[in-house]
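Have a look at this one before I ask anything.
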Amino acid sequence: MTTLPELDPIDIRSVELRRIALPLVSPFRTSFGTETTRDILLVRVVTDTAEGWGECVAGNEPLYSSEYVEGAQHVLQHHLVPRLWTAGRIGGADVADILEPVRDHRMAKGALEAAVLDAQLRASDISLAAHLGSTRQSVPSGVSVGIAESIDALVATVGGYLDAGYVRIKLKIEPGWDIEPVRVIRTTFGSDVPLQVDANAAFTRDDGPLLARLDEFGLLLIEQPLPEDDVTGHALIAKQVETPICLDESIVSSVAAIDAIERKACSIINIKAGRVGGYIEARHIHDLCAERGVPVWCGGMLETGIGRAMNVALASLANFTLPGDVSASDRFWARDIVTEPIRLEDGWVSIPSGPGSGVTIDSEFLDSVTTSRIELRP
Ligand code: SMG
Ligand code: MG
């Protein structure tokens, strides 16, 4: 198991569960649906010396995975936060063990762990990046492009992101929006643009020959072509295509990561802290992939500046060798809820260096987008 530097434990006085509604700058369509406004659950942990924030990546509906925001709030309120009250002084590294009796609900657990870790790191004056073992000051920024209304609209959108400086493009695909969009993007922007696709589980075991038609376009990877639980199916697809298969939804833990690697279901892994239950498990998966020679990259879940800053810190670890979905805040938000939104500088984003996540909440704006708030105490 990954060991991180020891930090002094903290005394948690209260936990706030806050929901905000934040409209996206433009609708984001994937194979499972279209999002226009995000209903986001934030977790705030208060101690006598510091406070910490975590962001829950569960979606409005259980479409990306079985978790969804209302369910995450329920499990946090009734099953996860109460377990902290009996644990005494703790730190971020204790949270997973304390919550272990509760099955799954990794996005909810990850948000709580992030808030505890953020508070603890702020109390210790250490950045999340330094704590996780960051090796860089900035990371290259990739952008995820939704399924468009038309091929022309897709070309315009991708052109805009390339002009903005994004160093890697990911196209969302689904049956019927697969070969053609990739072909047109390649023809329009050339073969030098680092390009990959993400199916969000929309294909079947029979689609090997179709997916093999993507080989001629020199993609970095094909992400999650089949359903989450079909690890063997991914291994079958991997034998039929030359493009590396990358798993996202299937990798819910370090155990799942090792299983997928050993079964040759993927040769690249997308790491999302929320999907695996927190940044510490994410770091553990990073380490075990490094030991096995499997490159990783940092995924995104349309986070606000809180989760985005933490993702960027994670993405600065050594084995994150492919550009992540760590785009600038303005990729999704007209205004972020933090005072230092993530910005693109020549296609790269900087790793926040301040304590914890390194970002400061814009309290006035946060209050203006808040839809509900509850405070939990021992
Ligand atoms: O945050 O840049 C982002 C979004 C990246 O495409 C992205 N995420 O499957 O990788 C993925 C999707 C999941 C989010 S769709 C709700
Ligand atoms: Mg994905």
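Give the residue, chosen from R89, R136, R106, R83, that is within 16 Å of ligand 1 (Cβ to nearest atom) and under 30 Å from V255 (Cβ atoms).
Unique residue meeting the criteria: R106.
Then there's this: With T2, T37 as the choices, which residue is of a type in the set (S, T, Y), over 16 Å from the mean Cα position of the chain (by Cα), more than 16 Å from ligand 2 (Cβ to nearest atom) and open to solvent by 30 Å² or more (accessible area, probe 1.4 Å)?
Numbers: T2 fails: open to solvent by 30 Å² or more (accessible area, probe 1.4 Å).
Going through T2, T37 in turn, the sole match is T37.
Continuing with this model, one more query. Scanning for something open to solvent by 40 Å² or more (accessible area, probe 1.4 Å), closer than 22 Å to V143 by Cα and away from ligand 2 (no atom under 16 Å from the Cβ), does the range 355-362 turn up at least one residue? Break it down into steps so the answer makes sense when it comes.
Of the range 355-362, the ones open to solvent by 40 Å² or more (accessible area, probe 1.4 Å) are 355, 360.
Filter again for closer than 22 Å to V143 by Cα, leaving none.
Looking through the range 355-362, none of the residues is open to solvent by 40 Å² or more (accessible area, probe 1.4 Å), closer than 22 Å to V143 by Cα and away from ligand 2 (no atom under 16 Å from the Cβ).
Looking at the structure I just gave you, is A273 closer than 23 Å to V231 by Cβ, touching a Lys or Arg at 6+ places or on another chain (Cβ under 8 Å), touching a residue at least 24 places away in the same chain (Cβ under 8 Å) and crowded, with 22+ Cβ neighbours inside 10 Å?
It is false that A273 is closer than 23 Å to V231 by Cβ, touching a Lys or Arg at 6+ places or on another chain (Cβ under 8 Å), touching a residue at least 24 places away in the same chain (Cβ under 8 Å) and crowded, with 22+ Cβ neighbours inside 10 Å.
For G190, state whether it is away from ligand 2 (no atom under 16 Å from the Cβ), open to solvent by less than 30 Å² (accessible area, probe 1.4 Å) and over 24 Å from L154 (Cβ atoms).
Numbers: away from ligand 2 (no atom under 16 Å from the Cβ): yes; open to solvent by less than 30 Å² (accessible area, probe 1.4 Å): yes; over 24 Å from L154 (Cβ atoms): no.
Spelling it out, it is not the case that G190 is away from ligand 2 (no atom under 16 Å from the Cβ), open to solvent by less than 30 Å² (accessible area, probe 1.4 Å) and over 24 Å from L154 (Cβ atoms).
Hey, could you check the range 59-96 for residues that are open to solvent by 30 Å² or more (accessible area, probe 1.4 Å) and touching a Gly at 6+ places or on another chain (Cβ under 8 Å) and say which is nearest to A111 (Cα to Cα)?
This residue is A96.
Taking R335 and the conditions (1) in contact with a strand residue (DSSP E or B) (Cβ under 9 Å, 6 or more places away or on another chain); (2) open to solvent by 40 Å² or more (accessible area, probe 1.4 Å); (3) in contact (Cβ under 8 Å) with a residue 40 or more places away in the chain, which numbered condition does it fall short on, given that it satisfies the others?
Every condition holds for R335 apart from (3).
Please enumerate the residues belonging to the range 97-121 that are in a helix (DSSP H, G or I) and either surrounded by fewer than 23 Cβ atoms within 10 Å (Cβ to Cβ) or polar (S, T, N, Q) (or both).
If the condition is that a residue be in a helix (DSSP H, G or I) and either surrounded by fewer than 23 Cβ atoms within 10 Å (Cβ to Cβ) or polar (S, T, N, Q) (or both), then D97, I98, Q120 are the ones that fit.
Step by step: first the residues of the range 134-182, then only those that are in contact with a Pro (Cβ under 8 Å, 6 or more places away or on another chain) and in a helix (DSSP H, G or I), then the one that is most open to solvent (accessible area, probe 1.4 Å). Which residue is that?
Residue satisfying both the conditions and the ranking: I151.
The values are calculated or read from the model by the stated rules, or taken from the named source; none is laboratory data. Remember, predicted model here, so these are calculated numbers, not experimental data. Cβ coordinates were reconstructed from backbone atoms using ideal geometry, including for glycine residues, and neighbour counts include every protein chain displayed. Side chains are part of the model used for accessible areas, which takes the heavy atoms of the whole protein and leaves out ligands, DNA and RNA. Shrake-Rupley method; radii C 1.70, N 1.55, O 1.52, S 1.80 Å.
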